[in-house]
1. Taking the stretch 169-192 as the search range and keeping residues that are open to solvent by 80 Å² or more (accessible area, probe 1.4 Å) and in a helix (DSSP H, G or I), which one is nearest to Gly230 (Cα to Cα)?
2. Which of the residues belonging to the stretch 212-243 are within 19 Å of Arg165 (Cα to Cα), open to solvent by 10 Å² or more (accessible area, probe 1.4 Å) and not in a loop (DSSP other than H, G, I, E, B)?
3. For the stretch 71-88, what are the residues that are of a type outside the set (Val, Ile, Thr), touching a strand residue (DSSP E or B) at 6+ places or on another chain (Cβ under 7 Å) and not in a strand (DSSP E or B)?
4. I need the full set of residues from the stretch 19-65 which are free of Cβ contacts under 8 Å to residues at least 60 places away in the same chain, outside any helix (DSSP H, G or I) and either open to solvent by 60 Å² or more (accessible area, probe 1.4 Å) or aromatic (Phe, Trp, Tyr) (or both), in order please.
5. As an exercise: evaluate Trp77 against (1) at positive phi; (2) within 23 Å of the chain's Cα centre (by Cα); (3) open to solvent by 50 Å² or more (accessible area, probe 1.4 Å) and give the number of the one condition it does not meet.
6. Consider only pairs whose beta carbons are under 6 Å apart and that are at least six residues apart or on different chains; among these, list those whose first residue lies in the stretch 241-254 and is under 16 Å from Val266 (Cβ atoms) and whose second residue is open to solvent by 70 Å² or more (accessible area, probe 1.4 Å).
7. Of all residues in the stretch 164-222 being in contact with a helix residue (DSSP H, G or I) (Cβ under 6 Å, 6 or more places away or on another chain) and among the acidic types (Asp, Glu), which is modelled with the lowest pLDDT?
Amino acid sequence: MKIGFYAMCLNKIVVLLPGNGLDYQGGGLSVALNLYENISKFISSEVFYYREGGELKDSLDRLVFSATPETVFLVTWGPDVGCLVDYLNKNEKKVIYFAQSTGWDIKLPREVPIICVSRHVMIYWSNRNPFNPLYILSPIVEVPFKENEINRDIDVLFVERKSTRYLKMELIPALEKKFNVMSVNAFIDRSALLNLFMRTKVYLYSSREHGQKGHQEGFGLQPLEAFLCGCRVFCNLHGGLADHMDPEVNMKQIEVHSLEYDIKRVSHVILNFSAQDEILMSQVSNRYSKDAYNNRLKVILNEICFFFSSIDSIEENCNVIIPVNNSGRLPKCKKWIKNKLKAAL
């Protein structure tokens, strides 16, 4: 494999994760481990589970003090990002943030590049950190799927995790009266979930209320995986889902108008089920393929390497970009317009 500029500049990348036990299982961990595996193809890399095997500070101290000056640390776990970046900054270590979600109340130093899993995540972090380098690296989404080998005996599949109360308490009970509905209410690994997708006609997913807690879907793997497994997908469009789920193209919107309307649409799809369009599935699959991912990853690593090597040579008293704050004038202008309209009415 051709060695890029990054291989000469980035000596080693250490991916910091809290752990790999049941408490941390989910899409975020699998996407982070997938990033590590693919970085390892180009650069010396390792994963370090900082909440396993002792006190947090002690484990980080041992890792950081034994690292070479050229080692770069990649952080990703939202609740810990702020304290990890502060700690690594104090120890003069280079840091990359792999952003998989939004809603974390932190400000990052402008020396920290941010790799985002979706445009939704990038918009959030570009608003909070407009002077940091920003990149998009959507996950690899590959599924082993052959339509002609599949018997779809499940009419509706529903995974309770992150789901809205409306789906759990209203829509699913109503559909259970008419169709074969499978509800999953415990942790299920990815391979088992993909097998269920391949047996399913309609997959229901809504994380709308989960997003209202402040931490919206960074990407939303499951609806896209379900589509690529041949399911007809009904889902919400919050957060990163809007990046890749396209109404009436690869999904239908759920929670529209009323319970009766949702039942009517889901029932129609089940009773008139047909295979997904192969050309569309191929296009989506290519967009999120391993080759597309690694081509983009190489470009990002080169750019980050150039950024780190450049800021090392820039003097500390350089002319940093200073934001102009016009926030005081806009609310006053809006208030003036509102008062004028009220007077006119």
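1. It comes out as Arg190.
2. Gln212, Gln222 - these are the residues of the stretch 212-243 that are within 19 Å of Arg165 (Cα to Cα), open to solvent by 10 Å² or more (accessible area, probe 1.4 Å) and not in a loop (DSSP other than H, G, I, E, B).
3. To start, the set of residues in the stretch 71-88 that are of a type outside the set (Val, Ile, Thr) comprises 73-74, 77-80, 82-84, 86-88.
Now narrow it down to the ones that are touching a strand residue (DSSP E or B) at 6+ places or on another chain (Cβ under 7 Å): 73-74, 77, 84, 88.
Answer for the stretch 71-88, where residues must be of a type outside the set (Val, Ile, Thr), touching a strand residue (DSSP E or B) at 6+ places or on another chain (Cβ under 7 Å) and not in a strand (DSSP E or B): Trp77, Leu84, Leu88.
4. Hits for the stretch 19-65 are Asn20, Ser44, Phe48, Tyr49, Tyr50, Arg51, Glu52, Gly53, Glu55.
5. (1)
6. From residues that are under 16 Å from Val266 (Cβ atoms), the pairs are Pro247/Gln253.
7. That would be Glu217.
Every residue, every condition in (1) closer than 22 Å to Gln222 by Cα; (2) open to solvent by less than 60 Å² (accessible area, probe 1.4 Å); (3) free of Cβ contacts under 8 Å to residues at least 12 places away in the same chain; (4) in a helix (DSSP H, G or I), yes or no:
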{"residue": "Glu260", "(1), (2), (3), (4)": "no, no, yes, yes"}
{"residue": "Val269", "(1), (2), (3), (4)": "yes, yes, no, yes"}
{"residue": "Ile279", "(1), (2), (3), (4)": "yes, no, yes, yes"}
{"residue": "Val284", "(1), (2), (3), (4)": "yes, yes, no, yes"}
{"residue": "Asn294", "(1), (2), (3), (4)": "yes, yes, no, yes"}
{"residue": "Glu303", "(1), (2), (3), (4)": "no, no, no, yes"}
{"residue": "Phe308", "(1), (2), (3), (4)": "no, yes, no, yes"}
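The values are calculated or read from the model by the stated rules, or taken from the named source; none is laboratory data. This is a predicted model, so every value here is computed, not measured. Every residue, glycine as well, gets a Cβ built from its backbone with ideal geometry; the counts of neighbours run over all protein chains shown. Accessible surface areas use protein heavy atoms only, side chains included; no ligands, DNA or RNA. Shrake-Rupley method; radii C 1.70, N 1.55, O 1.52, S 1.80 Å.
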